[in-house]
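Have a look at the structure below, then the notes.
The values are calculated or read from the model by the stated rules, or taken from the named source; none is laboratory data. Please read these numbers as outputs of a predicted model, since none were measured by experiment. Cβ coordinates were reconstructed from backbone atoms using ideal geometry, including for glycine residues, and neighbour counts include every protein chain displayed.
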Amino acid sequence: MKTNNPTVLTWIDQMVALTQPEQVVWIDGSEAEKERIETEAIENGEMIRLNAQAWPGCLYHRTAENDVARVEGRTYICSRKPEDAGPTNNWADPQEMYARLTELYKGVMQGKTMYVIPYIMGPAGSPMSKVGIEVTDSRYVVLNMRIMTRMGDIALKQLGEHSNDWVRGLHAKAQVDPDNRYICHFPEDNTIWSINSAYGGNVLLGKKCFALRIASNQARREGWMAEHMLILGIENTASGETKYITGAFPSACGKTNLAMLIPPAYAKGYKVYTVGDDIAWMRPGKDGQLWGINPEAGFFGVAPGTSMKSNPNALLTTRANTIFTNVAVTDDKQPWWEGMGIAPPAHLTDWLGKDWTPAAGTKAAHPNSRFTAPAKQCPAISAHWEEPGGVPISAILFGGRRARTAPLVYQSFSWKHGVFIGSAMASETTAAAAGKVGVVRRDPMAMLPFCGYNMGDYFQHWLDMGKKINKQPLIFNVNWFQTDEQGKFLWPGFGDNFRVLEWIIKRCNNEVGAVKTAIGYVPKAEDINLDGLDLTVADIRRLLRIDKAVWEEEIQGIEAHFAKFDRLPQELKAELAALKQRVAEN
Ligand code: GTP
Ligand code: SPV
Ligand code: MN
């Protein structure tokens, strides 16, 4: 099916004139088309078919060595006014950026095929969903978008013959030249131009580019929220009630793992269901609650560390119809990565395509190697994950990697205080973005790389949204990553994080008390269930400890962070002052 929508046809004509492909292929989303494109990608060496017995329908791809993560330094918000991009984004003038990139895109698809991918972010037919169209020269992108979105004819049908409400995405892998790599967003035109990369977050334009950077602009204008959040449901099987929780943790800080966790043995009366693992679109419902959908249809998850012990649901999701990127491959064509729970084989082909043995002393899989897997294959997928109106949210978690400072969990005093906690969030950097790993940086609401407008305005939007929601979700901060002097994790994490979720659910139900501290409400150590765990109440006390000197230092860090914003809401300044006072008095 091709569309007659004139806004689409005009734009495609322009993109064809600019990039001059040899042919244009409209993606319909069919099974036959998938097989054809897979075969072509395998024939030209772009993809490798994995062991069909053990990993049916799975494919493998290696990116260029210089193209393994998001590139925040080359990611731009091109609003007309620089102050609308704000102090945390790279800004470029839209006219200048269009002109510069036009030179790079001219004739870039000569001799190649342009694929036109219509796609929906969100369930088909949902009033919360939005349509995008991505044109690309990459079969890898087509095959990934097929998993990550609802794409093809279904999207053209949803868009209709007249609507101009869709996001334009132009991607060219081009020469994968890092010096001419650009990931540019034009929020005033609902347009994304990406060139010289073939890595996930830079090129699957429905994901971070649309569903967060462009959508955060739309959300602000239209009164909803586009967030870097997982969504999970916890069912109390005795009462039959399910509570939904979202969590914003920075890249590679545990969203996928939390979204799919399996509760420890003691918690027989609970079941955890996955709604989404990376992005949430949320809006206030008529009933006064906040309702959220997962706009994606698949998981683009971190492979290293994923094992039958840490996250069986993720591993089981990837056993078929999955694309693996930059992991290692065994001699019988099975994917392998560090922390998979399988001893390193005597020989592997590593993510660079080189021979690898355990003596190599290098990682066989890239630390940011990923799987792209259909969400519907997840054993824990929620029966409500495609509910057009979403699921009602009872609690919001913020969190990150903090070796010290942040206790295992604490609850904000109010929505406003919760927004402050999110705005001051910090985490140690990971391999998900190019740059140094392990450096503490402020990453408000885990949106530092993804907020498509002035972050001061974004904080204000959060405060305003609180006023539009009658039944505000409770806001918590969690930290699974405290370490001892030897750098060993103090908390077991993964499935055992349920022990903290249980306390959070009980807080939502008014079933458990808490200790009021300078930074928020903290559990009584004995209220965290330790059944089956090798930890004592004293260990929990240590994990919940709030150290005055450390928090005085933290406040200085927050002050320096806030000083960067010229549009910082007064309410957040007041929250910081109040925190300072409470810590001083403690
Ligand atoms: P993005 O897809 O980049 O947004 O990441 P994410 O937030 O979904 O992170 P993910 O769940 O994929 O986890 C990233 C890494 O953190 C993996 O190597 C996990 O094994 C590890 N991890 C996740 N949860 C925990 C935890 O509770 N404790 C510890 N120690 N590590 C964890
Ligand atoms: C992240 O980096 O937060 C991811 C992977 O989820 S990417 O799609 O590359 O952004
Ligand atoms: Mn992410």
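Yes or no: ASP287 part of a loop (DSSP other than H, G, I, E, B), touching a His at 6+ places or on another chain (Cβ under 8 Å) and either away from ligand 2 (no atom under 16 Å from the Cβ) or at pLDDT 95 or above (or both)? So ASP287 fails the test.
The residues on offer are GLY29, GLY73, and the sole one that is under 26 Å from the mean Cα position of the chain (by Cα) and buried (at least 20 other Cβ atoms within 10 Å of the Cβ) is GLY29.
Table: residues versus (1) within 19 Å of PHE413 (Cβ to Cβ); (2) without any contact (Cβ under 8 Å) to a residue 12 or more places away in the chain; (3) within 16 Å of ligand 3 (Cβ to nearest atom); (4) under 27 Å from the mean Cα position of the chain (by Cα).
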| position | (1), (2), (3), (4) |
| --- | --- |
| LYS488 | no, yes, no, yes |
| GLY495 | no, no, no, yes |
| ASN510 | yes, yes, no, no |
| VAL515 | yes, yes, no, no |
| GLY520 | yes, no, no, yes |
| ILE528 | no, no, no, no |
| GLY532 | no, no, no, no |
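Just one of the listed residues (GLY435, GLY353, GLY418, GLY341) is outside any loop (DSSP other than H, G, I, E, B) and either small (Gly, Ala, Ser) or within 23 Å of the chain's Cα centre (by Cα) (or both), and it is GLY418.
When you check LEU205 against the structure, is it in contact with a Phe, Trp or Tyr (Cβ under 6 Å, 6 or more places away or on another chain), under 25 Å from MET151 (Cβ atoms) and not assigned by TED's automatic domain parsing to the domain that holds GLU502, yes or no? No. In the set (1) more than 15 Å from THR256 (Cβ to Cβ); (2) within 11 Å of ligand 1 (Cβ to nearest atom); (3) of a type outside the set (Val, Ile, Thr), the condition left unmet by ALA314 is number (1). Screening the candidates SER216, SER194, SER163, SER251 for the property of being hydroxyl-bearing (Ser, Thr, Tyr), part of a helix (DSSP H, G or I) and either within 16 Å of ligand 3 (Cβ to nearest atom) or outside the structural domain of PHE420 (by TED's automatic domain parsing) (or both) yields one hit, SER216.
Residues in the range 219-236 that are away from ligand 3 (no atom under 16 Å from the Cβ) and either outside any strand (DSSP E or B) or closer than 21 Å to ARG370 by Cα (or both): ALA219, ARG220, ARG221, GLU222, GLY223, TRP224.
Taking each residue of the range 137-152 that is in the same structural domain as ALA41 (by TED's automatic domain parsing) and within 19 Å of ARG62 (Cβ to Cβ) and looking for partners that are modelled with pLDDT of 95 or more and part of a helix (DSSP H, G or I) with beta-carbon atoms closer than 6 Å, six or more apart or interchain, yields ARG139/ILE37; ARG139/ALA41; VAL141/VAL203; VAL142/ILE37. Annotation: of all residues in the range 479-498 being hydrophobic (A, V, I, L, M, F, W, C) and part of a loop (DSSP other than H, G, I, E, B), the one that is farthest from ASN313 (Cα to Cα) is LEU490.
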